[in-house]
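Enquirer: Sharing a structure, written as C-alpha coordinates. Questions coming.
The values are calculated or read from the model by the stated rules, or taken from the named source; none is laboratory data. Owing to the predicted nature of the structure, the values given are computational and were not obtained by experimental measurement. Cβ placement follows ideal geometry from the backbone for every residue including glycine, while neighbour counts extend to all protein chains displayed.
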Amino acid sequence: MFLLLLVLPACGPDNGTPSATSPSTTSLPSTTPPTTTPPPVISGTFIFNFDAGSPVLNVGQSTPFSSTVNGITAEFSSSSGAAYSIQNQAATNFILSQFSGKYIYDNDVSRSSLQIKFSQPMNSVSIVFATTDSHGPGNVETPTELRVVAYSGSISSPPIGNAAARGVFASDTFPQGTVTFTSAVAFNIIVLETVPVLNGASAFLIDQVTATAN
Ligand SMILES: [Ca+2]
(Lines give C-alpha, C1' and ligand atoms only; values in the text may rest on other atoms or scores of the structure.)
Protein backbone atom coordinates (compact mmCIF):
# COMPACT_ATOMS: atom_id res chain seq x y z
CA MET A 1 0.00 0.00 0.00
CA PHE A 2 2.69 2.47 1.05
CA LEU A 3 4.89 1.47 -1.83
CA LEU A 4 2.10 2.09 -4.29
CA LEU A 5 1.63 5.67 -3.07
CA LEU A 6 5.30 6.40 -3.59
CA VAL A 7 5.34 5.07 -7.09
CA LEU A 8 2.19 6.70 -8.32
CA PRO A 9 3.42 10.30 -8.66
CA ALA A 10 6.31 9.11 -10.79
CA CYS A 11 3.97 7.65 -13.31
CA GLY A 12 4.11 10.48 -15.80
CA PRO A 13 3.82 10.14 -19.52
CA ASP A 14 6.40 7.76 -20.78
CA ASN A 15 6.80 8.02 -24.48
CA GLY A 16 10.18 6.56 -25.26
CA THR A 17 10.70 8.61 -28.39
CA PRO A 18 13.33 11.40 -28.41
CA SER A 19 11.95 14.91 -28.57
CA ALA A 20 12.43 17.12 -31.60
CA THR A 21 14.24 19.81 -29.56
CA SER A 22 17.77 18.44 -29.80
CA PRO A 23 20.42 21.21 -30.00
CA SER A 24 21.29 22.45 -33.44
CA THR A 25 24.60 21.57 -34.96
CA THR A 26 27.58 23.88 -34.31
CA SER A 27 28.49 24.52 -37.92
CA LEU A 28 28.95 28.25 -38.62
CA PRO A 29 28.09 30.07 -41.83
CA SER A 30 31.22 30.69 -43.86
CA THR A 31 30.85 34.49 -43.95
CA THR A 32 34.18 35.35 -42.23
CA PRO A 33 35.86 38.11 -44.29
CA PRO A 34 39.44 37.58 -45.43
CA THR A 35 41.87 38.89 -42.80
CA THR A 36 44.07 40.57 -45.40
CA THR A 37 41.61 43.43 -45.94
CA PRO A 38 42.83 46.51 -44.01
CA PRO A 39 40.19 48.50 -42.14
CA PRO A 40 39.05 51.64 -43.92
CA VAL A 41 40.85 54.86 -42.98
CA ILE A 42 38.71 57.18 -40.88
CA SER A 43 39.13 60.67 -42.33
CA GLY A 44 39.27 63.50 -39.85
CA THR A 45 41.30 65.21 -37.16
CA PHE A 46 42.14 63.42 -33.93
CA ILE A 47 43.47 65.29 -30.89
CA PHE A 48 45.44 63.46 -28.22
CA ASN A 49 45.78 65.83 -25.25
CA PHE A 50 46.21 63.23 -22.44
CA ASP A 51 43.14 64.69 -20.68
CA ALA A 52 40.36 63.27 -22.88
CA GLY A 53 40.49 59.81 -24.41
CA SER A 54 40.48 56.27 -23.10
CA PRO A 55 41.87 54.91 -20.85
CA VAL A 56 42.33 57.68 -18.28
CA LEU A 57 46.05 58.45 -18.00
CA ASN A 58 47.41 58.98 -14.50
CA VAL A 59 50.03 61.52 -13.42
CA GLY A 60 53.29 59.63 -12.91
CA GLN A 61 52.42 56.87 -15.41
CA SER A 62 55.43 56.10 -17.63
CA THR A 63 55.77 54.89 -21.22
CA PRO A 64 54.52 52.76 -22.80
CA PHE A 65 50.85 53.77 -22.73
CA SER A 66 48.11 54.43 -25.26
CA SER A 67 45.19 56.78 -25.73
CA THR A 68 42.11 56.20 -27.89
CA VAL A 69 40.10 59.15 -29.23
CA ASN A 70 37.14 58.79 -31.61
CA GLY A 71 38.13 55.26 -32.54
CA ILE A 72 41.80 56.04 -33.24
CA THR A 73 44.52 54.81 -30.88
CA ALA A 74 47.93 56.43 -30.40
CA GLU A 75 50.61 54.34 -28.69
CA PHE A 76 53.33 56.28 -26.89
CA SER A 77 56.62 54.51 -26.25
CA SER A 78 60.37 55.04 -26.11
CA SER A 79 63.31 52.93 -27.21
CA SER A 80 64.66 53.86 -23.75
CA GLY A 81 61.67 52.22 -22.03
CA ALA A 82 60.03 54.21 -19.24
CA ALA A 83 61.77 57.42 -20.33
CA TYR A 84 58.61 59.57 -20.50
CA SER A 85 55.68 60.01 -18.16
CA ILE A 86 52.37 61.78 -17.72
CA GLN A 87 52.72 64.95 -15.62
CA ASN A 88 50.88 68.19 -14.97
CA GLN A 89 51.65 71.61 -13.52
CA ALA A 90 50.81 70.51 -9.98
CA ALA A 91 53.45 67.78 -10.25
CA THR A 92 56.23 69.69 -12.02
CA ASN A 93 55.59 73.34 -11.00
CA PHE A 94 56.52 74.30 -14.58
CA ILE A 95 54.70 77.29 -16.08
CA LEU A 96 53.88 76.28 -19.67
CA SER A 97 51.12 78.54 -21.00
CA GLN A 98 50.63 76.56 -24.23
CA PHE A 99 50.14 73.32 -22.27
CA SER A 100 46.91 72.34 -20.54
CA GLY A 101 46.14 69.69 -17.94
CA LYS A 102 48.18 66.54 -18.37
CA TYR A 103 51.12 66.26 -20.79
CA ILE A 104 54.15 64.11 -21.55
CA TYR A 105 57.36 64.89 -19.72
CA ASP A 106 60.89 63.52 -20.12
CA ASN A 107 61.78 61.57 -16.96
CA ASP A 108 65.53 62.12 -17.14
CA VAL A 109 68.10 64.47 -18.59
CA SER A 110 69.63 61.95 -21.01
CA ARG A 111 68.53 62.36 -24.62
CA SER A 112 65.88 59.82 -25.55
CA SER A 113 63.35 59.55 -28.35
CA LEU A 114 59.58 59.34 -28.05
CA GLN A 115 57.63 57.25 -30.55
CA ILE A 116 53.95 57.70 -31.37
CA LYS A 117 52.25 54.95 -33.38
CA PHE A 118 48.76 55.61 -34.75
CA SER A 119 46.26 52.83 -35.43
CA GLN A 120 45.73 54.08 -38.99
CA PRO A 121 47.71 56.08 -41.60
CA MET A 122 47.81 59.86 -41.12
CA ASN A 123 48.73 62.70 -43.46
CA SER A 124 49.55 65.43 -40.96
CA VAL A 125 50.60 65.72 -37.35
CA SER A 126 51.07 68.82 -35.22
CA ILE A 127 52.52 68.78 -31.69
CA VAL A 128 52.79 71.50 -29.02
CA PHE A 129 56.18 71.14 -27.34
CA ALA A 130 58.67 72.69 -24.95
CA THR A 131 62.42 72.09 -24.83
CA THR A 132 64.28 72.30 -21.50
CA ASP A 133 66.58 75.08 -22.70
CA SER A 134 67.99 77.85 -20.51
CA HIS A 135 68.64 81.29 -21.92
CA GLY A 136 71.73 83.43 -21.47
CA PRO A 137 75.50 83.10 -20.78
CA GLY A 138 76.63 79.47 -20.75
CA ASN A 139 73.33 78.43 -22.26
CA VAL A 140 71.70 78.92 -25.65
CA GLU A 141 70.57 82.02 -27.54
CA THR A 142 68.00 80.11 -29.57
CA PRO A 143 66.05 77.11 -28.26
CA THR A 144 66.96 73.58 -29.32
CA GLU A 145 65.10 72.14 -32.30
CA LEU A 146 62.59 69.32 -31.87
CA ARG A 147 62.54 66.98 -34.85
CA VAL A 148 59.70 64.75 -36.07
CA VAL A 149 60.59 61.80 -38.31
CA ALA A 150 57.66 59.98 -39.93
CA TYR A 151 57.52 56.32 -41.00
CA SER A 152 55.02 53.99 -42.61
CA GLY A 153 54.70 50.54 -41.07
CA SER A 154 58.11 50.25 -39.42
CA ILE A 155 60.88 52.51 -38.15
CA SER A 156 63.37 50.17 -39.85
CA SER A 157 62.03 51.24 -43.24
CA PRO A 158 63.19 54.50 -44.86
CA PRO A 159 61.37 57.48 -43.34
CA ILE A 160 58.54 59.18 -45.21
CA GLY A 161 59.98 62.56 -44.23
CA ASN A 162 60.75 64.85 -41.33
CA ALA A 163 60.23 68.31 -39.93
CA ALA A 164 61.77 70.34 -37.12
CA ALA A 165 60.86 73.45 -35.16
CA ARG A 166 62.21 75.60 -32.33
CA GLY A 167 60.27 77.01 -29.45
CA VAL A 168 60.41 80.65 -28.42
CA PHE A 169 61.74 81.98 -25.11
CA ALA A 170 59.03 83.85 -23.21
CA SER A 171 58.08 84.27 -19.56
CA ASP A 172 57.31 80.54 -19.21
CA THR A 173 59.62 78.00 -17.59
CA PHE A 174 60.79 76.69 -20.99
CA PRO A 175 60.57 77.85 -24.63
CA GLN A 176 57.47 76.46 -26.35
CA GLY A 177 56.47 75.95 -29.97
CA THR A 178 54.55 73.77 -32.38
CA VAL A 179 56.09 71.33 -34.85
CA THR A 180 54.05 70.18 -37.85
CA PHE A 181 54.75 67.49 -40.42
CA THR A 182 52.45 67.08 -43.44
CA SER A 183 52.76 64.50 -46.19
CA ALA A 184 50.71 63.32 -49.15
CA VAL A 185 52.25 59.90 -48.51
CA ALA A 186 50.56 58.63 -45.37
CA PHE A 187 52.50 57.59 -42.27
CA ASN A 188 51.48 55.86 -39.03
CA ILE A 189 54.59 56.24 -36.85
CA ILE A 190 56.46 59.35 -35.77
CA VAL A 191 59.62 59.59 -33.69
CA LEU A 192 60.36 62.78 -31.76
CA GLU A 193 63.79 63.83 -30.51
CA THR A 194 65.81 66.94 -29.88
CA VAL A 195 68.49 67.90 -32.40
CA PRO A 196 71.80 67.88 -30.47
CA VAL A 197 73.46 71.29 -30.07
CA LEU A 198 76.15 72.59 -27.69
CA ASN A 199 74.60 73.64 -24.35
CA GLY A 200 71.16 72.86 -25.77
CA ALA A 201 68.34 70.92 -24.23
CA SER A 202 68.27 67.14 -24.39
CA ALA A 203 64.82 66.83 -22.89
CA PHE A 204 61.44 67.95 -24.17
CA LEU A 205 57.78 67.94 -23.18
CA ILE A 206 54.72 67.64 -25.45
CA ASP A 207 50.98 68.22 -25.30
CA GLN A 208 48.12 68.44 -27.84
CA VAL A 209 49.10 65.93 -30.54
CA THR A 210 46.80 66.69 -33.50
CA ALA A 211 46.77 64.03 -36.24
CA THR A 212 44.81 64.37 -39.49
CA ALA A 213 43.91 61.70 -42.03
CA ASN A 214 42.80 62.84 -45.50
CA1 LIG B 1 46.95 68.16 -22.01
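Enquirer: Tell me yes or no: at least one residue of segment 125-143 is in contact (Cβ under 8 Å) with a residue 60 or more places away in the chain, hydroxyl-bearing (Ser, Thr, Tyr) and within 21 Å of Phe48 (Cα to Cα).
Expert: Yes, segment 125-143 has at least one match.
Enquirer: Now for a different question. Residues of segment 76-129 being more than 16 Å from the ligand (Cβ to nearest atom) and among the aromatic types (Phe, Trp, Tyr), which ones?
Expert: Answer for segment 76-129, where residues must be more than 16 Å from the ligand (Cβ to nearest atom) and among the aromatic types (Phe, Trp, Tyr): just Phe118.
Enquirer: Ok, one more. For segment 161-182, give me the residue count where each residue is in contact (Cβ under 8 Å) with a residue 40 or more places away in the chain and surrounded by fewer than 19 Cβ atoms within 10 Å (Cβ to Cβ).
Expert: Total meeting the criteria: 8.
Enquirer: Then there is this: Out of the residues in segment 194-212 that are surrounded by fewer than 20 Cβ atoms within 10 Å (Cβ to Cβ) and under 19 Å from the mean Cα position of the chain (by Cα), state the one that is farthest from the ligand (Cβ to nearest atom).
Expert: Thr212
Enquirer: Let me ask something else about it. Does Ile47 satisfy being within 13 Å of the ligand (Cβ to nearest atom) and in contact with a Ser or Thr (Cβ under 8 Å, 6 or more places away or on another chain)? It would help to see each step written out before you state the result.
Expert: Values: within 13 Å of the ligand (Cβ to nearest atom): yes; in contact with a Ser or Thr (Cβ under 8 Å, 6 or more places away or on another chain): yes.
Yes, satisfied.
Enquirer: Moving on. Filtering segment 116-160 down to residues that are closer than 21 Å to Ala211 by Cβ and hydroxyl-bearing (Ser, Thr, Tyr), which residue is nearest to the chain's Cα centre (by Cα)?
Expert: Only one residue tops the list, namely Ser119.
Enquirer: Next up: Is it fair to say Pro158 is in contact (Cβ under 8 Å) with a residue 40 or more places away in the chain, more than 16 Å from the ligand (Cβ to nearest atom) and surrounded by fewer than 18 Cβ atoms within 10 Å (Cβ to Cβ)?
Expert: no
Enquirer: Also, quick follow-up: Quick one: is Asp172 of a type in the set (Asp, Glu) and within 16 Å of the ligand (Cβ to nearest atom)?
Expert: yes
Enquirer: Got a sec? Which of Phe2, Phe50 is at pLDDT below 95 and of a type in the set (Phe, Trp, Tyr)?
Expert: Phe2
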